[in-house]
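Each reported figure results from applying straightforward, stated rules to the coordinates on display, with no laboratory input. Since the model is a prediction, treat every value here as computed from it, not as a measurement. Using ideal geometry, Cβ is built from the backbone for each residue, glycine included, and neighbour counts are taken over all protein chains shown.
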Ligand SMILES: Nc1ncnc2c1ncn2[C@@H]1O[C@H](COP(=O)(O)OP(=O)(O)OP(=O)(O)O)[C@@H](O)[C@H]1O
Ligand SMILES: [Mg+2]
């Protein structure tokens, strides 16, 4: 019926056809495929206001971008715009930080309200985009279960990590110990040394090792037992639900997604727990790229970077370590990242410095935009007397949902972008 090899042969189509879950997507997929060709490693993301040309991101080098925009400005929408076409251009996408339960819905095609923002065939460009859903595979940590009553997340999306997924640093993060004493560090290292060798598979085995250990200081033991009890009773570590396997999902043509809905609500240790989960997933993805298990370019969109990679030098966590490792190591592996921030002051400088693009909306504070231009687009820094009014004028010329694009390598502002819409469903804000 369908020719599996029609498109990149990476299993996506096979998934859609075999599952038969979303006839509408399949139909759209085929219609789109006949008319549009995204193969050239160029990702269309919007129209340049000044020239009316399509603006492309180049996916042949590891693309790193960050956005600084207040709530409701369109960061998530824009992120979806980028990753939906990245996927259709032959790239892989993994979403480890869905803090607002938004990306499960990408399984459906874009709704009618936004269709007008897709690229249409014209004399200027050869597109005729149609909405299409993405094969998302979502996981929801069991420890957040009590927080999802209002979100109605299906039971079959529940997941849990196993002891063998953890490093010593993850365990300290889970336990909320961000400044471990040397004794604690030593004790945890010893336990997780056994985990690494495969000698420990469950927390009760770990407990026995600690009880018997003569090298772990007695004073450290109660703390470790306590942390183990808590992560077990909170369902963070356990065997009841499957573990997410992002790498396998990607190989099978899915876009895996870790839904962390509830993490932003106040409560216990959910940020610590989520941090360890995100770290585990990022390490798996990086290893799979480095070992060649995932050969295609990979894009990792990161929401809520402020929480998972806090700027503050005191708040270290395993997700922070993993995000900064990824930043450092990802260039040679062609792993792209999109970092979403509410505010420029939330962002660790090392992240911004290492981005090729910075996207900024009109509602940023003038002072913040001045600082960003001075640091990352110095070619646009003019005479200090006029600079501030120049920046204010630039902002007031921008329309809602437009993005100023700073090219960090070139050190200048290169365009004002009117974003096109994602191809997949965008979950509208629900008034709270
Ligand atoms: N380019 C656009 N064109 C039209 N509408 C848009 C566009 N971008 C976003 N929107 C609308 O604005 C709303 C908010 O967008 P979005 O959820 O992406 O904001 P956000 O910056 O991610 O906010 P938050 O920080 O709260 O997550 C969306 O529900 C959508 O209706
Ligand atoms: Mg958002």
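Can you give the helix-only mean residue ellipticity at 222 nm for the chain, where every DSSP H stretch with n ≥ 4 adds -39500 (n - 2.57) and the sum goes over all residues, rounded to the nearest 500 deg cm²/dmol?
Mean residue ellipticity at 222 nm (helix-derived): -11000 deg cm²/dmol.
Neighbour counting of Cβ atoms within 10 Å sorts the residues 417, 324, 282, fewest neighbours leading, into 324, 417, 282. Run through all the Cα pairs of the chain and give the fraction in each 20 Å bin from 0, expressed as whole percent. Reading upward from the zero bin: 25, 54, 20, 1.
The residues 50, 129, 321, when put in order of fewest to most other Cβ atoms within 10 Å, stand as 50, 321, 129. Scoring 137-143, 57-63 by mean Cβ neighbours within 10 Å over their residues and listing the highest first yields 137-143, 57-63.
Mind pulling the angle between the C-alpha long axis of helix 75-88 and the longest principal axis of the chain? Nearest 10 degrees, somewhere in 0 to 90. Compared with the principal axis, the helix lies near 90 degrees. Compared with the alpha-carbon gap, the fully stretched path from residue 328 to residue 149 is longer by 60.6 nm at 0.36 nm per residue. Using 0.36 nm per residue and subtracting the Cα-Cα separation, the extra length available between residue 128 and residue 389 on full extension is 89.9 nm.
Normalised by the number of residues in the chain, what is the relative contact order in percent for Cα pairs under 8 Å and 6+ residues apart? Normalised by residue count, the contact order of the chain is 28 percent. Secondary structure note: in the chain, about 45% of the DSSP beta bridges are antiparallel.
Volume of the convex hull of the stretch 289-432 (Cα atoms only), normalised per residue: 161 Å³. With both labels modelled 7 Å from their Cα along Cα-to-Cβ, the residue 178 to residue 264 distance reads 1.9 nm.
The label point for residue 156 and the one for residue 232, both projected 7 Å from the Cα toward the Cβ, are 3.1 nm apart.
In a GNM of the chain with a 10 Å cut-off on Cα contacts, which of 279, 415, 219 has the highest mean-square fluctuation? With Cα springs under 10 Å in the chain, the top fluctuation among 279, 415, 219 is at 219. Helix 270-291 axis versus longest C-alpha principal axis of the chain: approximately 70°, rounded to the nearest ten. Sorted ascending by nearby beta carbons within 10 Å, beginning with the fewest, 390, 426 become 390, 426. The angle separating the long axis of helix 203-212 from the principal Cα axis of greatest extent in the chain is about 40 degrees.
For the stretch 163-233, what log10 I(q)/I(0) values come out of the Debye formula at q = 0.13, 0.17, 0.24, 0.28 1/Å, with one point per alpha carbon and no solvent? After summing over all Cα pairs, the log10 values are -0.29, -0.52, -1.15, -1.65. Taking 7 Å steps out from each Cα toward its Cβ at residue 61 and residue 243 produces label points 3.7 nm apart. Full extension of the chain between residue 121 and residue 51 gives 23.5 nm of extra length, using 0.36 nm per residue less the Cα-Cα distance.
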